[in-house]
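These notes concern the structure reproduced below.
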Amino acid sequence: MSDLPQFTVKVQPFGDHIAVVPEEMETMTASGIVIPDTAKGEKSAIGTVIAVGNGEGQKDEKNPTKYFKVGEKVVFGKYSGEDIELTTKDGSKKEVKFLSIDSIRAKIA
């Protein structure tokens, strides 16, 4: 879990939502040129959980803390959730996705 980004703000999702940092999908060509995911147009569908909601206020009592922990890798729908950009303590920007528990397809062990 030490490789998780440290943000300048604390993130705490509400209800059945979790916050995930998507993996960056860089590709290297045979000649060594790195093509970032933004140039390819592909979004990552794998990410690391950085915060978990507590399930409060949910009619169907979906509590993500039963299924997910900070630091776990998950697979989610490519276009699911809400995307925001947060600043890390070292000044770089990172995308964070807020996903409903229903948007998570699997955990990666």
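The values are calculated or read from the model by the stated rules, or taken from the named source; none is laboratory data. Values in this document were obtained by computation on a predicted structure and should not be read as measured data. Using ideal geometry, Cβ is built from the backbone for each residue, glycine included, and neighbour counts are taken over all protein chains shown.
Can you pull out every residue in the range 84-109 that is hydroxyl-bearing (Ser, Thr, Tyr) and under 17 Å from Gln12 (Cα atoms)? Answer for the range 84-109, where residues must be hydroxyl-bearing (Ser, Thr, Tyr) and under 17 Å from Gln12 (Cα atoms): Thr87, Thr88, Ser100. Taking the range 82-97 as the range and being touching a residue at least 40 places away in the same chain (Cβ under 8 Å) and under 16 Å from Val49 (Cα atoms) as the test, the residues that pass are Leu86, Thr88, Lys94, Glu95, Val96, Lys97.
Would you point out which residue out of Lys107, Lys62, Lys94 is of a type in the set (D, E, K, R) and touching a Ser or Thr at 6+ places or on another chain (Cβ under 7 Å)?
Criteria check complete, one pass: Lys94.
For the range 47-54, the count of residues that are loosely packed, with under 13 Cβ neighbours inside 10 Å, at pLDDT below 90 and out of contact with any strand residue (DSSP E or B) (no Cβ under 8 Å at 6 or more places or on another chain) is zero.
Listed here are the residues, each with its yes/no results for (1) at pLDDT 90 or above; (2) small (Gly, Ala, Ser); (3) closer than 19 Å to Arg105 by Cβ.
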| residue | (1), (2), (3) |
| --- | --- |
| Gly32 | no, yes, no |
| Pro36 | no, no, no |
| Glu42 | no, no, yes |
| Glu56 | no, no, no |
| Glu85 | yes, no, no |
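Taking the residues in the range 55-80 that are part of a loop (DSSP other than H, G, I, E, B) and free of Cβ contacts under 8 Å to residues at least 24 places away in the same chain as candidates, determine which candidate is nearest to the chain's Cα centre (by Cα). Top of the filtered list is Ser80.
Go through the range 81-109 and give me each residue that's touching a helix residue (DSSP H, G or I) at 6+ places or on another chain (Cβ under 7 Å) and in a loop (DSSP other than H, G, I, E, B).
The answer is Gly81, and nothing else.
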